[in-house]
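The values are calculated or read from the model by the stated rules, or taken from the named source; none is laboratory data. The structure displayed is predicted, hence computed values, not measured ones. Glycine gets a Cβ as well: all are built from the backbone with ideal geometry, and neighbour counts include every protein chain shown. Side chains included, ligands, DNA and RNA excluded: accessible areas come from the protein's heavy atoms. Shrake-Rupley method; radii C 1.70, N 1.55, O 1.52, S 1.80 Å.
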Amino acid sequence: MQAPVLVLKDSLKRESGTKVHHQNIQASKAVADIIRTTLGPRSMLKMLLDAAGGIVVTNDGNAILRELDLAHPAAKSMIELSRTQDEEVGDGTTTVIVLAGEMLHVAEAFIDKKYHPTVICRAYLKVLEDAIAVLDKIAMTVDLNDRETVLGLVKSSIGTKFTSQFGSLIADLAIDATTTVGVELGHGLREVDIKKYVKVEKVPGGQLEDSKVLKGVMFNKDVVAPGKMRRKIVNPRIILLDCPMEYKKGENQTNAELLKEEDWAVLLKMEEEYIENLCAQILKFKPDLVITEKGLSDLACHYLSKAGVSAIRRIRMTDNNRIAKACGAVIVNRPDELQESNVGTGAGLFEVKKIGDEFFAFIIDCEDPKACTVLLRGASKDLLNEVERNLQDAMCVARNIIKNPKLVPGGGATELTVSAVLKQNSSAVEGIEKWPYEAAAIAFEAIPRTLSQNCGVNVIRTMTALQGKHANGENAWTGIDGNTGEIADMKERKIWDSYTVKAQAFKTAIEAACMLLRIDDIVSGIKKTQAPGSSSAKPTVEGEGDADNEQLIPE
């Protein structure tokens with residue numbers, strides 16, 4: 001009898017075939033179950049303790065998954081899903097995971113029946129095409145100038161979040177911020193860069209109702225010489241620099257030999273004159289406020305304050321860019337290149353205020369700001385962090401509407417319509433693919449089902465009633481009101497979703513499900529091999545973190 005041939009090393013573990021499929025599906029379902037209860041307005045919160053002992057209390061799907069540390073590879077890829085969703089459209093992170101989990105769950109039955117995964121994937125991709133077609137059919141275009149509608153949309157997207165109890169406060173903030181930083185690119189395109197030009201400043205204290213969007217920027221700095229410089233300037237002329245206003249030192253060590261005592265005085269005088277010239281070049285433009293990213297020497301401070309100019313130094317580059325956008329100034333690299341056009345005159349007021357223990361500089365009441373700061377006030381750090389996460393989602397939704405002003409019904413209505421239309425279409429699908437197609441159609445119902453579960457209504461009754469309403473693909477706007485659990489018309493209740501978010505969620509979920517289904521082999525325990533020649537095994541030194549790990553013990 002022939003001896004067995006060893007191909008893989010002993011330390012490698014290989015699993016293949018249906019076993020892998022089942023494991024992947026189980027793992028994905030586990031991830032989906034963690035998040036399932038955070039879908040909808042009546043959702044539960046999750047409390048996570050991170051390694052440093054900090055607490056995160058949130059129901060934002062992405063924030064939860066970001067904090068989790070998972071072992072299973074399939075579960076890790078599920079987490080990637082919610083991250084992509086968050087980066088792409090900013091909302092619908094929970095939906096994606098629940099949907100993908102459900103898609104894999106219905107596929108399990110077919111794998112048991114020895115269906116080939118590729119067949120299931122083919123059916124799923126067909127489902128995706130048809131689902132997007134249905135979305136296009138039921139989407140309605142919205143008028144961006146109609147603030148009520150946009151407000152309704154943003155509100156319904158953060159209605160599931162913690163801050164929904166404060167009414168339209170966060171939604172208002174989000175819409176104000178995004179409309180401020182929107183830039184027309186021509187051809188009817190709008191570019192909204194939230195990351196760069198919207199700064200969220202969290203200042204503990206006060207009430208949430210005190211939060212506001214400033215028509216300008218604020219940053220955590222005070223003027224250089226508080227006693228001598230003005231702290232409140234109306235209609236300031238602002239000059240922004242990114243060069244130091246101090247004498248240039250030589251690189252590392254510079255030796256200068258002075259033979260006469262007088263030369264020393266000359267040297268000092270040269271330094272002083274250099275700075276005086278610098279300040280003179282700046283003062284030529286009669287600024288009221290000079291802001292630099294680098295240092296500002298005492299002498300320069302003296303010249304500026306003598307001329308009645310306020311100065312702020314060592315400001316962050318990102319803040320500087322925001323100020324430039326807000327007041328129309330241009331950031332100048334060298335003072336001798338200053339021009340009149342570089343001076344920012346768009347700001348209405350410069351003021352330094354003390355909030356709590358810290359000083360904040362405000363440049364506000366700008367004429368046409370293209371950058372803004374959202375000032376959040378609230379009782380505690382945790383609360384503010386959660387509000388900021390919600391605001392981030394809300395701003396993304398507002399941005400999506402500005403970019404693609406189409407709406408689809410919320411409250412699970414979209415998913416039910418898609419499901420109903422797909423069920424009808426399934427009779428036209430030929431061959432073996434028909435069954436996975438039908439199953440995927442049913443999988444879409446996971447969203448409304450989860451919604452009704454979280455409301456605490458009778459799930460079976462609600463679902464049957466809804467399916468009845470949607471049976472022929474009509475009543476596209478009937479869904480669940482997530483607060484009460486009633487079946488209602490989403491148009492009247494103003495429960496909407498952005499088309500971009502829904503389409504992206506469907507695409508991400510189905511493509512991910514296909515990807516996980518096509519994995520049929522997991523080889524684990526692969527070690528980085530050493531280069532040939534260096535045969536001597538290096539002793540492994542344990543770091544303090546690896547002391548408990550088993551990998552260090554050779555097999």
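Some observations on this one:
- Residues of segment 402-425 satisfying the condition of being more than 27 Å from S452 (Cα to Cα) and either surrounded by 22 or more Cβ atoms within 10 Å (Cβ to Cβ) or of a type in the set (A, V, I, L, M, F, W, C) (or both): I402
- Screening the candidates E191, E272 for the property of being assigned to a strand (DSSP E or B), within 30 Å of V343 (Cβ to Cβ) and either out of contact with any Cys (no Cβ under 9 Å at 6 or more places or on another chain) or open to solvent by less than 50 Å² (accessible area, probe 1.4 Å) (or both) yields one hit, E191.
- One residue stands out in segment 49-61 among those that are of a type outside the set (D, E) and either over 15 Å from K381 (Cβ atoms) or loosely packed, with under 14 Cβ neighbours inside 10 Å (or both): the one that is modelled with the highest pLDDT, namely L49.
Let's see how each residue does on (1) surrounded by 14 or more Cβ atoms within 10 Å (Cβ to Cβ); (2) out of contact with any Cys (no Cβ under 6 Å at 6 or more places or on another chain); (3) modelled with pLDDT of 80 or more; (4) of a type in the set (A, V, I, L, M):
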{"site": "P204", "(1), (2), (3), (4)": "yes, yes, yes, no"}
{"site": "V223", "(1), (2), (3), (4)": "yes, yes, yes, yes"}
{"site": "P226", "(1), (2), (3), (4)": "no, yes, yes, no"}
{"site": "M245", "(1), (2), (3), (4)": "yes, yes, yes, yes"}
{"site": "E251", "(1), (2), (3), (4)": "no, yes, no, no"}
{"site": "G295", "(1), (2), (3), (4)": "no, yes, yes, no"}
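- Test: residue in segment 323-330 that is outside any helix (DSSP H, G or I), out of contact with any helix residue (DSSP H, G or I) (no Cβ under 7 Å at 6 or more places or on another chain) and either open to solvent by less than 70 Å² (accessible area, probe 1.4 Å) or in contact (Cβ under 8 Å) with a residue 40 or more places away in the chain (or both): yes
- In segment 486-527, the residue that is most open to solvent (accessible area, probe 1.4 Å) out of those that are out of contact with any Phe, Trp or Tyr (no Cβ under 8 Å at 6 or more places or on another chain), part of a strand (DSSP E or B) and of a type in the set (D, E, K, R) is D521.
- Residue among I34, I25, I64 that alone is open to solvent by 40 Å² or more (accessible area, probe 1.4 Å), in contact (Cβ under 8 Å) with a residue 24 or more places away in the chain, in contact with a helix residue (DSSP H, G or I) (Cβ under 9 Å, 6 or more places away or on another chain) and not in a loop (DSSP other than H, G, I, E, B): I34
- Filtered by the rule that a residue be over 14 Å from the mean Cα position of the chain (by Cα) and either within 13 Å of L516 (Cβ to Cβ) or at pLDDT below 80 (or both), segment 75-97 gives A75, K76, S77, M78, I79, I97.
- A Cβ distance below 9 Å, combined with a sequence gap of six or more or placement on separate chains, defines the contacts here; from segment 111-122, residues that are within 15 Å of V20 (Cβ to Cβ) reach residues that are part of a loop (DSSP other than H, G, I, E, B) and of a type in the set (V, I, T) in the pairs P117/I519.
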